[in-house]
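Read-outs throughout are calculated quantities, based only on the coordinates presented, and are distinct from any laboratory measurement. Since this is a predicted model, take the numbers as computed values, not measurements. Cβ coordinates were reconstructed from backbone atoms using ideal geometry, including for glycine residues, and neighbour counts include every protein chain displayed.
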Amino acid sequence: MRIEITSQPRFELPLSLETVDLLMEMSRHHYDFVCKQASAVGGFIYGWRNSVSFVPESPVSATWRELDTVLKICENFCVLDSKSTARASIWRLTSDLKLAISHWNCISNQWRLTIETQVEQRTC
């Protein structure tokens, strides 16, 4: 039997309440159902908002899939006021998240292991 052992990344993000609120707004106006669900009750951005509201200095934890969804949500920056600093803030967040994913891609193959086992087949 061939068994693949891989790791699953967790990203710790120091997000401000203002940034999470921007993500909530872009998520609510997104065309994609998965992106919309992220800010709905039970969604991961909804959870981040609760977390940041109660413990502002604590980072939020994100999976690869959640970061990928956030990047898709950030493509919807046009719903933000063009005269505010919100768009620049989202652009910086997008750049930082892409860099984090890029670094993970560089090191993830080093954390992969394949083992071969020999299993006796028994017949009843």
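Key figures for this structure:
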{"quantity": "Full-stretch length increase - L113, T94 - with 0.36 nm per residue and alpha-carbon distance subtracted", "calculated": "3.7 nm"}
{"quantity": "Pairwise label distance in nanometres, T85 with S51, each label 7 Å out on the Cα-Cβ vector", "calculated": "2.5"}
{"quantity": "Relative exposure of V55, V20, judged by other C-beta atoms within 10 Å (fewest first)", "calculated": "V55, V20"}
{"quantity": "Most mobile of R112, R87, R65 in a GNM of the chain (Cα contacts under 10 Å)", "calculated": "R112"}
{"quantity": "Cα-derived Rg to Rh of the chain, Kirkwood definition", "calculated": "1.16"}
{"quantity": "Packing-based exposure ordering (other Cβ within 10 Å, fewest first) of K83, K98, K72", "calculated": "K83, K98, K72"}
{"quantity": "Over region 1-42 - Rg/Rh using Cα atoms and the Kirkwood inverse-distance radius", "calculated": "1.23"}
{"quantity": "Value at 222 nm in deg cm²/dmol, rounded to 500, when DSSP H runs of n ≥ 4 in the chain each add -39,500 (n - 2.57)", "calculated": "-16500 deg cm²/dmol"}
